[in-house]
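All of the numbers you see were taken from the coordinates with simple rules; none came from a lab. This structure is a prediction, so every number in the text was calculated from the model and none was measured. Cβ: placed from backbone, ideal geometry, glycine included. Neighbour counts: every protein chain shown.
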């Protein structure tokens, strides 16, 4: 269910009441040589719970644009974001800067913060005292359609 629509981004909260269990093969699938099917034991998984280490601080957001394609984040991907994690150098964050939401990699230099795109078509954003910046959360997973 959508929570807030601002700057063309839609926020969603995980539904921890859903109990939607999806079949899950815990052993993984071989990306090299095939593995016998008998080695796989089927279980079930609830992605709302699996992707949320801190459920009360987790939300989903759909990406609009391509400024982060070199980080594997494409237009229409869904990001899992944890608001309880501390912003750190080199982490990918959901930022609210000057009234606009954006997803960028944080680059911390001495007395300076840059919001770095992962696409050479976009310039870095240097955060100064004149900017209003709120780090909404740190991206922990990317969900994409192939």
I want to check the label-to-label distance for residue 96 and residue 57. Put each point 7 Å from Cα in the C-beta direction and report it in nm to one decimal.
1.7 nm
Based on the Cβ-Cβ distance from residue 70 to residue 44, what FRET efficiency comes out when R0 is 25 Å, to the nearest 0.05?
0.10
Classify segment 46-146: rounded, prolate or oblate, from the alpha-carbon gyration tensor (a ≥ b ≥ c, eigenvalue square roots; a/c under 1.5 rounded; otherwise prolate if a/b is larger than b/c)?
oblate
Taking 30 Å as R0, compute the FRET efficiency from the Cβ-Cβ separation of residue 109 and residue 78 and round it to 0.05.
0.45
